[in-house]
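Novice: One structure, as structure tokens, below. Some questions next.
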Amino acid sequence: MNIGIISDIHGDLDGLERALELLRDKGAEQIICAGDLVDKGSAPDAVVALIKAQSISCVQGNHDHAAIKHQQWVRQFGNLQLEEWRAQLLHDDTTAYLETMPQTLSFAWGGISVLITPEHIRIRLSDR
């Protein structure tokens with residue numbers, strides 16, 4: 001099985017779309033993500049929506065975790081009457097998705113096992 005691995009998307013929808021197209025053109029049958037869907041880029045809600053729509057399994061990266069905390073802070077203490085504060089808000093469904101992302105993912109395909117954390121990707125080939 002051909003597996004594609006992506007990470008560090010950081011709200012860049014165009015980059016994500018190009019990466020997914022490239023991986024599929026190269027024969028990726030399944031794509032998995034090592035985290036950091038949001039932060040920095042201009043389209044975090046659209047990135048999360050695309051990851052969800054394509055059922056791409058993803059771990060919660062450090063930027064995803066920080067974004068959840070930031071959303072809580074902005075909603076509690078930010079002046080949401082000002083556009084610069086409102087612009088920092090993620091959609092509720094985006095925040096909910098980030099909160100449910102696991103810390104680790106593991107997969108096994110034939111003789112290959114894969115463990116993904118936000119810090120590491122470990123691939124092990126079984127002895128045959």
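The values are calculated or read from the model by the stated rules, or taken from the named source; none is laboratory data. Nothing here was measured: the structure is a model prediction, and the numbers come from that model. Heads up, the Cβs are rebuilt from the backbone with ideal geometry, glycines too, and the neighbour counts pull from every protein chain shown.
Novice: Hey, could you check the stretch 25-48 for residues that are part of a loop (DSSP other than H, G, I, E, B) and among the small types (Gly, Ala, Ser) and say which is surrounded by the most Cβ atoms within 10 Å (Cβ to Cβ)? It would help to see each step written out before you state the result.
Specialist: Residues of the stretch 25-48 that are part of a loop (DSSP other than H, G, I, E, B), as a first pass: 26-29, 34-43.
Those left that are additionally among the small types (Gly, Ala, Ser): 27-28, 34-35, 41-43.
On the way: Gly27: 10, Ala28: 17, Ala34: 19, Gly35: 24, Gly41: 17, Ser42: 10, Ala43: 18.
Taking the candidates together, the pick is Gly35.
Novice: Further question: What is the one condition in (1) farther than 16 Å from Gly11 by Cβ; (2) part of a helix (DSSP H, G or I); (3) more than 12 Å from the chain's Cα centre (by Cα); (4) not small (Gly, Ala, Ser) that Glu99 does not satisfy?
Specialist: Failing condition for Glu99: (3).
Novice: Continuing with the same structure: Does Leu23 satisfy being within 23 Å of Ser106 (Cβ to Cβ) and among the hydrophobic types (A, V, I, L, M, F, W, C)?
Specialist: It is true that Leu23 is within 23 Å of Ser106 (Cβ to Cβ) and among the hydrophobic types (A, V, I, L, M, F, W, C).
Novice: Further question: In the stretch 1-19, what count of residues is obtained for those that are within 17 Å of Asp64 (Cβ to Cβ) and either in a loop (DSSP other than H, G, I, E, B) or touching a Gly at 6+ places or on another chain (Cβ under 7 Å) (or both)? Break it down into steps so the answer makes sense when it comes.
Specialist: Kept after step one, since they are within 17 Å of Asp64 (Cβ to Cβ), are these residues of the stretch 1-19: 5-13, 15-16.
Still in the list and also either in a loop (DSSP other than H, G, I, E, B) or touching a Gly at 6+ places or on another chain (Cβ under 7 Å) (or both): 7-12.
Final tally of qualifying residues: 6.
Novice: Kindly indicate whether Leu22 is more than 20 Å from His120 (Cα to Cα), surrounded by fewer than 18 Cβ atoms within 10 Å (Cβ to Cβ), in contact with a Gly (Cβ under 9 Å, 6 or more places away or on another chain) and modelled with pLDDT of 95 or more.
Specialist: For Leu22, the condition - more than 20 Å from His120 (Cα to Cα), surrounded by fewer than 18 Cβ atoms within 10 Å (Cβ to Cβ), in contact with a Gly (Cβ under 9 Å, 6 or more places away or on another chain) and modelled with pLDDT of 95 or more - is met.
Novice: While we're here: Can you tell me how many residues in the stretch 102-120 are in a strand (DSSP E or B) and closer than 14 Å to Asp36 by Cα?
Specialist: Qualifying residue count, the stretch 102-120: 1.
Novice: What are the residue pairs meeting all of these: first residue in the stretch 60-88, first residue in contact (Cβ under 8 Å) with a residue 40 or more places away in the chain, second residue among the hydroxyl-bearing types (Ser, Thr, Tyr) and loosely packed, with under 15 Cβ neighbours inside 10 Å, Cβ atoms under 9 Å, and 6 or more apart or on different chains?
Specialist: From the stretch 60-88, the pairs are Gln60/Thr100.
Novice: Is one or more of the residues making up the stretch 40-58 touching a residue at least 12 places away in the same chain (Cβ under 8 Å), over 11 Å from the mean Cα position of the chain (by Cα) and farther than 18 Å from Asp8 by Cβ?
Specialist: no
Novice: Also, quick follow-up: Identify all residues within the stretch 49-96 that are in contact with a strand residue (DSSP E or B) (Cβ under 7 Å, 6 or more places away or on another chain) and not in a helix (DSSP H, G or I); write none if there are none.
Specialist: Ile56, Ser57, Cys58, Val59
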